Amino acid sequence: PEKWFGVVSLFPDMFAPFTQQGVIGRAVKSGTLSVDTFNPRDFTHDRHRTVDDRPYGGGPGMLMMVKPLTDAIQAAKKVGGKKSKVIYLSPQGKPLDQAGVQRLANIDRTILICGRYEGIDERVIESHVDEEVSIGDYVLSGGELPAMVLMDAVARLVPGVLGHKASAVEDSFTDGLLDCPHYTRPEILDGQKVPEVLLSGDHEKIRQWRLMQSLGRTWHRRPDLLNHLALTEEQQRLLEL
Ligand code: ADE
C-alpha cells in the first residue's frame, strides 16, 4: 500500500467501522491504505490474559502491563520494518496540527500505540517511541479515538484516497485559514438566500469572495491562527480593507 499503519491496541474492534466506511473504507479496499492491529492481549500467556499492572508508588488506576505491550510493539515493528515511525498517543504529546499531519503523510509506515488505563511505563516510551502526539487538550479514555483521528487526517492527504480532486488542497487549514461557507440547493432555504456572488458565474469574483470570507472568519473566530501566518500579498490587502 501507499501508506501502512500498525495499531497497537487492546480494542482492535474499535477500528472496524473506521476501516470499513467512507473514504477510508474505500482506500483500504483499493489497497492504497492498510491498517493492521496488534493486540497486547494476544501476547499474554497466563490464564486470565492479564494486560494491566499496578503503578509503583501506589495511587489509583492501573498501567498497561509491560511485556504484552512491548511484544505487541515488536510484532508491529516486524511487519512495518526498521524504518517505521512509532507514535504514542497521549495528552502529554505535542499537539497535532495540519502541518504535523502533512509531515506524517510523507512517512510510509507508522506504528500507533494506543494507551488504556492511566497509560504506559515511561521506559517503554523512552526505548520504543519516536514521537508522543496529542490530539488536543482534553482527556479521552484511550488512544484509539486519537489514533483514528490521526490516521483519518493523514490518509486524506495520501494520493488517491480522496476523489483525487482539489478536495484536499482546497480545504480548511491548507493555507492556514478557516474554510469559507458553502451552499447547495435550494437557492432559498427558510427565507435565507444563497450569497448572490455564488450565482454570478464570475469565477474570479467568487474566488475573491471566498478568500475574504476565510480571512474574516479566521479573524473573528481564530485570531491566533493569523499571528504565525505568512499571508500572501492579496490576503494582507483584503484584511486591511
Ligand atoms: N489519550 C487520551 N487522551 C488523549 C488526547 N487528548 N490525545 C492523544 N491521546 C490521548
Review point. Which value at 222 nm does the chain reach when only helices count, each DSSP H run of 4 or more adding -39,500 (n - 2.57), with the total divided by all residues and rounded to the nearest 500 deg cm²/dmol?
Key: -11000 deg cm²/dmol
**Study point:** Equivalent ellipsoid, the range 188-240 (semi-axes from 5 times Cα gyration tensor eigenvalues, Å)
**Key:** 25, 15, 6
Exercise for review: Take the alpha carbon atoms of the range 119-185, find their center, do the same for the range 40-84, and report the distance between the two centers in whole angstrom.
Suggested key: 25
Review point. What are the lysines whose alpha-carbon lies under 23 Å from the alpha-carbon of K205, with same-chain residues fewer than 8 places away excluded?
Key: K165, K193
Study note, to complete from the structure: Once the in-chain neighbours fewer than 8 apart are removed, the aspartates and glutamates whose Cα is under 16 Å from K29 read E2, D152
Practice item. Determine the relative contact order of the chain: mean sequence separation of Cα pairs under 8 Å and six or more apart, normalised by residue count, in whole percent. Key: 19
Revision key, fill the gap. Log entry: pair-distance distribution for the chain, C-alpha pairs binned every 5 Å from zero, whole % per bin is 1, 6, 11, 14, 15, 13, 11, 10, 7, 5, 3, 3, 1, 0, 0
Point to revise | Spatially proximal lysines relative to K85 (Cα-Cα < 22 Å; intrachain offsets below 8 disregarded) | key: K3, K67, K77, K94
Point to revise | Fraction of antiparallel bridges per DSSP, the range 3-155 only, in percent to nearest 5 | key: 10
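Every number in this text was worked out from the coordinates using simple rules, so none of it is lab data. Bear in mind the structure is a predicted one, so any value in this text is a computation, not a measurement.
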